[in-house]
Amino acid sequence: MPQLSNSRYETLVRIIEKFCQEAPNKLASVYRPDPINQVEMARQAKTRAYCHLYLLVKFGLMDFQSREQLITDGSQDGGLDAYYIDQNNKKVYLIQSKFHHSDQAFENEAVGAAELMKTEFERILAGHKTDRLGNCFNDKVQRFQAKFQKTKGCKPLVVFLANINLNDTRLKQLVGDFQFDIFNSKRVYKELVFNLCAGDYTTPETVEIDINKSDKARLSLEQEIKIKSGRCGVKVVFAPSREIGRITAKYKNAILLHNPRNYLSLSRNSVNEQISDSITKRRTNEFAILNNGITIFADNAEIDPRTGSSKRALLTLTNPQIINGGQTAYTLGDIYENKRHHLFAGKEVMLKIVQLGSRKTNRDSLIEAISNATNRQTKIDEADRRSNSTVFGEIQRRIYSDYGYFFEKKRGEFFSGLNEGFLAEADIINRSVFLKAYLAFGGDPSSCRSKGEKTLFQHDFFKKLFPNPNVYIEALFAYRIFARVTQIEKQERRNRYGARKYGNALRYGRFAVVSAVGVIAPKVTGRENFDAIAQNQVSHVLSKWKKFERYVRKKRSNKDYFADRAEGFDNYYKGKTLNDDIRAFSFR
């Protein structure tokens, strides 16, 4: 598949370079060497920064220095470039990274057996201070050894940030008897690059929440509910507002995957001010009564009162996701991030936890039903409701995997990537424009201007346009056609939208141009250069556009549109005769 936008590799390089720039001045020689006179050091800097990417996305280590102290890369590192000790899950991650400096090498070259044989993980974990040749490990490796000796019951997991084409048996022969986790180029793009740009990193597999036992006759209300696909458990718990703020601030979009809104869009709402006032302007716990609470989907929820404290219990959630009450969660997270922790004192929020256990049947439909029924704090528009569509999710995955574009199924979904400079506006596909372009390409440009998002994203209309994700190739082609028309429109904007050359095509008829291209364009398979085809086809159609406008003005069926010359084409390009006129006119 051709990469039509900036490739995923180029996005990765921007991320790596941003980490290098983030390094403090005392590490400038390590992370920012002269790329011309210190080529090898510059390459090594990117390899170190590559480890930063993994540590940030997988473990949520936001601070540069907190990651840097886990980097062991350098001479005499025994193949250990970085590490992470996870006491909660009893794992020690031994990380080796291999960053290639071209997209072809990064995506295709694999680490060979000879290089893997040089790793010294077994000697490092056994506490040896030297490698097999008697050379001492570097100071950072030895500091890791000291930490590892203090851990109890932690099992090593070797992580390769590299392409490896060997099976586990051969890997064990070369490296040692370990468990392995291989992040080849595809996994890096999918799980590290994409998730970082979307702010979906640090997936909350297990979340622990402290519960205050004071003033509670019972810690929770529990009931089993019969639903269409079987039964699910429901727990209602009052949790400290600070705990919810802490969790939301840490996980952001990663705990809002099934919420119609993302973390950024939640910040752009007047309701937040009302929620904030109810907690910041009151010293007592009215917040627990006035607020509607938060609905959380989780595989499991357990409360353990045996914490060694008479005042504290522990709520453990497995794979939690906030599906309602995102405004409340965002507001508490914002207060927490701004370090106004004193405002949380004595204030709680109600959690309604829906547990399906291992049940997967009808999960998506249940999530949508709960969201539709319970979200009443602010209106969710139809486009936001479709953000959890399995079709949109699969279209997003395929477009990114095949073409490197970031399809925005949630409004502001990739703000994190934009804000950090990892992405350009051109890398992101706006969901509304995507839908309209495909609608126009299929023969209905009139609806693109005459109907609002409420209608276009309405369930039945949306399902008819996107019956399955297989339409993504043609839909993306339509989007690239519209992008080309828009590019010309911007160039001609100061020249009366190119009216002398193209009539009203650019000012009012951009979707009509897409529709005309759809009539004459060849069927695409996905292997073509969409932008090259779009450039040729759009130029051809625009060359005939003034002739098309003369043709439609003469038609009796259009006489009402042109009675008022000033408003004529503005109304015509959203009128009921447009679609048939485009099909009838010869653009070939």
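Numbers below:
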read-out	value
Euclidean distance of C-alpha centroids, region 288-338 and region 513-528, integer Å	50 Å
Candidate aspartates and glutamates for bridging to Lys91, where Cα separation is under 16 Å - those fewer than 8 sequence places away on the same chain excluded	Glu122, Asp177, Asp181, Glu205
For the chain: relative contact order, % (alpha-carbon pairs under 8 angstrom, 6 or more apart)	12 percent
Under 23 Å from Lys347, Cα to Cα: lysines that are on another chain or at least 8 residues apart	Lys213, Lys216, Lys235, Lys250, Lys252, Lys281, Lys311, Lys339
Between region 158-217 and region 11-44, the Cα center-to-center distance that results, in Å	25 Å
Sparse-neighbourhood loop sites, GluC sites (Glu not before Pro) in region 271-314 - DSSP loop, at most 13 other Cβ within 10 angstrom	Glu286
Selection of trypsin sites (Lys or Arg not before Pro), region 285-357, meeting DSSP coil and at most 14 other Cβ within 10 Å	Arg306, Lys311, Lys339, Arg340
C-alpha long axis of helix 326-337 to longest principal axis of the chain, angle in °	50 degrees
Extension gain, Asn88 back to Asp215 (0.36 nm per residue minus Cα-Cα distance, nm)	42.7 nm
Region 8-198 shape via C-alpha gyration tensor axes, a/c threshold 1.5	rounded
Dimensions (Å) - the chain, Cα atoms, principal axes, largest first	89, 67, 46
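A short reminder: the numbers here are calculations on the coordinates, not readings from a lab. Because the structure is a prediction, the values reported are computed rather than measured. In this analysis, Cβ positions are derived from the backbone assuming ideal geometry, glycine residues included, and neighbour counts consider all displayed protein chains.
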